[in-house]
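Undergrad: This is the structure I want to talk about, given as structure tokens.
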Amino acid sequence: MKRIVTVLLAFLGTLGMASASDIVRDSIIVVMGDKSRIIIYGENKEELKKLLNYDVNRLLKDVGGKIDSTSEAGTTRVILGEVDGDKYRKKGRGTITIQDRQITIEANGDTTYQIKRVKRTRPWWQNDQDNFVISFGLNAYGKKEDLNYDPQDYDLRPLGSRFFSLGFYRNPTLIKGEDVALRMRLGFEFTWYNFMFEGNNVARKGAERIEFTEFTEPLKKSKLTVCYVTVPVMPTLAIRKGVISHIGAGGYVGYRLDSYTKTKTQNNKKDHNHAGYWLNDFRYGLMAEIGFRNSVDLFFQYDLNELYQEARGPKVQAVSFGVRLN
């Protein structure tokens, strides 16, 4: 450059403007050759250190544009006024710190931003909308009355007669309140009823009805298993606070998929026999459930129809109760 270029930039706050008449003590003078100098004034040393956070090359390009556009003779003086400091701030990587669910970003050691990570949550009544449920418990008879059968022939072992099911439910919310919401449980499940008989009796399919006879060898167990696909419909009150999370009552209908007997002798000899055993193909009944927060749910089911076909077996209704795991 043939003339002395004097750049007067005062870094007051965020790179403000300074006039040539401002009196400042601290400055940076860059000597370029014999006749060119860049002079930068600052209010103090700390303001001058902030130059490290700015792109001086970009600033000088703007100065060059000003020089090319001036036509004044004599000493060329360029003053950049009302400079936006962010325009010349360096775009560095900075540092990112994650602590206590907050993200701190420090750009070039000067500017710090706090970004709070907010976990997106659904409204409380929308929790547990879909459930894969495993249920297990015990089976019993709701009633026993038939003059054609001796109740001792088909009595059940209380702990051996087990209930098991796998289900998938949807729980759409019908009415939502501040602390209580009404849901409707819909879905399907596969259920297995295991009726384990007392003593040495086994179930056989006779020509006209089911028969209970004594087995010829001592048995470890003898049971009748019935598998259903079941569709429950149960209105449920979801409770926001407290130990109890929900209470429901409704009904169900099911269709028999399979049924078989299984015997196991004292010598561990096993035998399976698949047949209809004069069982009703359809079942329907009432159900209830109570859920405890952060714990298991308790359920109860009562078949309204009889287990066996009319006049084909004892007049008994199945009852199931136990726990559900969501």
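Undergrad: Could you please report the charge total around Thr265, scoring K, R as +1 and D, E as -1 over all other residues with beta-carbon less than 9 angstrom from its beta-carbon? Mind showing how you got there, number by number?
TA: Values: positive: Lys220, Lys264, Lys269, Lys270; negative: Glu217, Asp271.
My count for the surroundings of Thr265 gives +2.
Undergrad: Could you state the number of Å between the C-alpha centres of the stretch 278-326 and the stretch 184-224?
TA: Taking the Cα centre of each part, the stretch 184-224 and the stretch 278-326 sit 16 Å apart.
Undergrad: Which of the chymotrypsin sites (Phe, Trp or Tyr not before Pro) found in the stretch 172-215 are in a DSSP loop and have at most 12 neighbouring Cβ atoms, other than their own, within 10 Å?
TA: none
Undergrad: Right, something else. I'd like the trypsin sites (Lys or Arg not before Pro) in the stretch 165-246 restricted to DSSP loop residues with at most 15 other Cβ atoms within 10 Å, sorted by number. Before the final figure, lay out each step's value.
TA: Values: sites: Arg170, Lys176, Arg183, Arg185, Arg204, Lys205, Arg209, Lys220, Lys221, Lys223, Arg240, Lys241; in loops: Arg209, Arg240, Lys241.
Answer in residue order: Arg240, Lys241.
Undergrad: Too long at a 32 Å Cα-Cα cut-off: which of Lys144/Lys176; Lys144/Lys270; Lys143/Lys270?
TA: Lys144/Lys176
Undergrad: At 1.4 Å probe size, what's the solvent-accessible area of Ile290? Round to the nearest 10 Å².
TA: Accessible area of Ile290: about 50 Å².
Undergrad: Taking every pair of Cα atoms in the stretch 183-233, average 1/r, invert it to obtain the Kirkwood radius, and report Rg/Rh to two decimals.
TA: Answer for the stretch 183-233: 1.20.
Undergrad: Continuing with this model, one more query. How big is the stretch 188-326 along each principal axis, measuring the range of its Cα positions in Å and listing the largest first?
TA: 58, 34, 21
Undergrad: Could you rank Leu257, Leu138, Leu59, Leu147 by how accessible they are, 1.4 Å probe, largest area first?
TA: These residues rank, largest area first, as Leu147, Leu257, Leu138, Leu59.
Undergrad: Something else about it: So what is the diffusion coefficient of the stretch 261-326 in µm² per second by Stokes-Einstein at 37 °C and 0.692 mPa s, using a Kirkwood Rh over Cα pairs? Intermediate values should be presented prior to the final figure.
TA: On the way: Rh = 14.8 Å.
In µm²/s, the coefficient rounds to 221.
Undergrad: Something else about it: Looking at the stretch 142-190, which GluC sites (Glu not before Pro) are DSSP coil and have at most 12 other C-beta atoms within 10 Å of their C-beta?
TA: Passing both the DSSP loop test and the Cβ count: Glu145, Glu178.
The values are calculated or read from the model by the stated rules, or taken from the named source; none is laboratory data. A quick note: this is a predicted structure, and the numbers were derived from the prediction, not measured. Heads up, the Cβs are rebuilt from the backbone with ideal geometry, glycines too, and the neighbour counts pull from every protein chain shown. What goes into the accessible areas is simple: the full protein's heavy atoms, side chains included, and nothing from ligands, DNA or RNA. Shrake-Rupley method; radii C 1.70, N 1.55, O 1.52, S 1.80 Å.
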